[in-house]
Amino acid sequence: MNSKRVPIWVYLSVFVTAVLSLYSMYYRQKVEDRNKAVAFAAEIDTIQQLSASQGLTLQQGLVDLKAQGLNAVVVPEQYVGELISGGQLQVIDGKYLQGSADVIRRVQHGVGDRFPSMVNNGNFVASTDTSVTIQFPDLNLVRTVSIGLDPDQTKLAQDMGLEIIARCTNPTSANSDTVTRTIAWLKDLGVSVFLPEGAQVLGRRDALDSFENALKTYGIDYATPEFGKLGGDEEVVEKIPDHVIRLHSAQSEELDKLKIDEAIDRYAKAARERNQRILLIRPLSSAADKPLSDFANLIKLISTETVKEGGIIGTPHPFTEPGVPSWVFPLTGLSLVPIVIWTAAGFFKQRWVLILAGLIALAIAAFCIRPMGRSLDALLAAVTLPTAAFLILDRRNIRWIAWEYLVITLISLTGGLAIAGLLNSLPYYIHAKQFMGVKFAHFFPIVLIGAYFFHQFGLVRKSLKSPLEWGKALLAFVVLGALAFMIARTGNDNPAAVSDTEIKLRNLLDAILFVRPRTKEFLIGHPFLIVGIGMLISLKRGDPKFQNWKGWITLCLMLGAIGETSIVNTMCHIHTPLTISLARIGVGFIAGGILGLAAWVVLSKVSGRFRTAEG
């Protein structure tokens, strides 16, 4: 074992990094505290159908739903073909359109936005007190034209004080002028939020700049749907983050699989844990005796749960830049330099390597005046701090398991705090940007820690001298497989499916705890870490029980590192409220600690009975 002690300046480096990172996050917390308002929205066509099924008008249905928490409606576009089917427009002799003056004006407006030359060639045929007849060169093409939102629906929503969310498609042949005029028309109708319909954002591809500029010009916010994969969505979110509001919804086929309490929990947690500020709610069932009443009850339960968990029913707003002083970022980078050099010294003895590591860390710190530099420094912190925590564990005069467990967790947490502090900006709040190298930062420190203790225990020379032991080789492959699976599961869009058993466990933890801890922390990482610390303490004391367990100690500490890198990863989710991330880490720390201490008590009692071939 390494007899060197940890210099005081190493602890000081960690402490200063933590203080500067917490100072940066103070500004983030202020932004999050100012933005807790959540809109509860429903599609107005759905409300109309539910109301009619109970013999109510749309207005009566809106009154009932508003009383239960509804404060926004999603209004879709109408098309000429829809009005023809609904009888508001009539086709005369296969080439004329006839309707009220208001409807014909809407048709002219919509056709003019989409096909200007066609309006110029459109001819009034007749006009009476009740109707207007007009001719277009290509009536079949006109049928596909959007004529904006239903003005009766938007006026009703405005009169009732409801936010209007417009849902619009990206029509074929829409140019920059079409896009700009569409947004201006929506503003005239009282729209405050734009939500894409279909597979593309309005203006995709060549007119996307016009769409973004029009939203800014007319003061309309953009709703980005969570888990949506829409063409142009990422570009809009990245270009105009100060006009973006995150929206959560569930399709009918998803809701059909959920129990009512699961649906309530889904929506409430979207607002609480992922900063979704518009909840688009749909009915759970297509068939019911009183569908509107059932829907009103669902909205009430979701709004009640959301408020209970800290949300506020109100008008949603985009997040804003936190305004962190620019000097905080390079200073945070500088505070990391000593711990980077010391950690590198744990693996390399050559002076030139340590000088190079210090120069690289200094260069990255200086580059922290730019966002790219902060990303690089965040990656450096993500790898360095958890690794340093285990090196510090090895070199400390360790005596108490609980204290060492706390120390190593706080040092690892500092790595997460550094990431959150360095990347503290608006694009990360709305998921326009993500911490780069998430999987690398999750996996690489585990490899470094395993390699360090493998070398410290002299297992390298022993392994080279010994014949291959297939049992240990198989165990190594199992561990590598488990790590690979963990990496595959890392991130929001992971390819590995979550089993039904894990879903049930998550639901149980959600029900009994303030916030659900990460499974790999409290069930794997933290328990193995405590067991590894316990064996390491016994080994340093000269306890004969664990003299031949060095390989198992290395394995336990490697698995324990999973929990520490997971702590860092939790803080990388900057779109998650800061209080939720810290609470999740705290709950996992306590739950995993209890399991680990129980496992250590059992192991320490039975370990004397085992015999190993090591030594």
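Among the residues here, ASN548 does not qualify as open to solvent by less than 10 Å² (accessible area, probe 1.4 Å) and touching a residue at least 24 places away in the same chain (Cβ under 8 Å).
One line per residue, one yes/no per condition, for (1) basic (Lys, Arg); (2) in a strand (DSSP E or B); (3) surrounded by 20 or more Cβ atoms within 10 Å (Cβ to Cβ):
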{"position": "ALA214", "(1), (2), (3)": "no, no, yes"}
{"position": "THR224", "(1), (2), (3)": "no, yes, yes"}
{"position": "LYS229", "(1), (2), (3)": "yes, no, no"}
{"position": "ARG246", "(1), (2), (3)": "yes, yes, yes"}
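Among the residues that make up the stretch 393-404, is at least one of them open to solvent by 10 Å² or more (accessible area, probe 1.4 Å) and under 30 Å from ILE240 (Cβ atoms)? Checking the stretch 393-404: not a single residue is open to solvent by 10 Å² or more (accessible area, probe 1.4 Å) and under 30 Å from ILE240 (Cβ atoms).
None of ALA270, ALA287 is hydrophobic (A, V, I, L, M, F, W, C), more than 17 Å from LEU162 (Cβ to Cβ) and under 21 Å from the mean Cα position of the chain (by Cα) except ALA270.
Scanning the stretch 24-45 for residues that are modelled with pLDDT under 95 and of a type in the set (S, T, N, Q) turns up just one, ASN35.
Across the stretch 93-108, the number of residues qualifying as modelled with pLDDT under 90, open to solvent by 70 Å² or more (accessible area, probe 1.4 Å) and either among the aliphatic types (A, V, I, L, M) or touching a helix residue (DSSP H, G or I) at 6+ places or on another chain (Cβ under 9 Å) (or both) comes to 1.
Mind checking whether some residue in the stretch 6-23 is part of a loop (DSSP other than H, G, I, E, B), open to solvent by 70 Å² or more (accessible area, probe 1.4 Å) and modelled with pLDDT of 95 or more?
no
Return only the number of the condition from (1) open to solvent by 40 Å² or more (accessible area, probe 1.4 Å); (2) hydrophobic (A, V, I, L, M, F, W, C); (3) within 21 Å of PRO338 (Cβ to Cβ) that ILE408 does not satisfy. It fails just one condition, (1). Among the residues of the stretch 322-332, none qualifies, meaning not one is among the small types (Gly, Ala, Ser) and crowded, with 16+ Cβ neighbours inside 10 Å. Counted as qualifying within the stretch 513-615 are the helices (runs of 4 or more DSSP H) with 2 or more residues that are touching an Asp or Glu at 6+ places or on another chain (Cβ under 6 Å), namely 550-572, 578-606.
Scanning the stretch 261-316 for residues that are of a type in the set (Gly, Ala, Ser) and either free of Cβ contacts under 8 Å to residues at least 60 places away in the same chain or open to solvent by 50 Å² or more (accessible area, probe 1.4 Å) (or both), we see that the one that is nearest to LEU58 (Cα to Cα) is SER293.
Residue by residue, here is whether (1) in contact (Cβ under 8 Å) with a residue 40 or more places away in the chain; (2) out of contact with any strand residue (DSSP E or B) (no Cβ under 7 Å at 6 or more places or on another chain); (3) outside any loop (DSSP other than H, G, I, E, B) holds:
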position	(1), (2), (3)
PRO318	yes, no, no
GLY323	yes, yes, no
PHE329	yes, yes, yes
GLY333	yes, yes, yes
VAL337	yes, yes, yes
ILE341	no, yes, yes
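For the stretch 132-165, filtering for residues that are charged (D, E, K, R), open to solvent by 60 Å² or more (accessible area, probe 1.4 Å) and in contact (Cβ under 8 Å) with a residue 40 or more places away in the chain leaves 1.
Considering (1) at pLDDT 95 or above; (2) of a type in the set (S, T, N, Q); (3) open to solvent by 10 Å² or more (accessible area, probe 1.4 Å), say which one ASN424 fails and leave the rest. Failed condition: (3).
What do you reckon, is ASP177 more than 29 Å from GLY94 (Cβ to Cβ), surrounded by fewer than 19 Cβ atoms within 10 Å (Cβ to Cβ) and either at pLDDT below 95 or within 27 Å of the chain's Cα centre (by Cα) (or both)? Walk me through how you get there before you give the answer.
Numbers: more than 29 Å from GLY94 (Cβ to Cβ): yes; surrounded by fewer than 19 Cβ atoms within 10 Å (Cβ to Cβ): yes; either at pLDDT below 95 or within 27 Å of the chain's Cα centre (by Cα) (or both): yes.
It is true that ASP177 is more than 29 Å from GLY94 (Cβ to Cβ), surrounded by fewer than 19 Cβ atoms within 10 Å (Cβ to Cβ) and either at pLDDT below 95 or within 27 Å of the chain's Cα centre (by Cα) (or both).
The values are calculated or read from the model by the stated rules, or taken from the named source; none is laboratory data. Note that the coordinates shown come from a computational prediction; the quantities given were computed from them, not determined experimentally. Counting neighbours? That spans all protein chains shown, and the Cβs are built from the backbone with ideal geometry, glycine included. Surface areas here come from the heavy atoms of the whole protein model, side chains and all, with no ligands, DNA or RNA. Shrake-Rupley method; radii C 1.70, N 1.55, O 1.52, S 1.80 Å.
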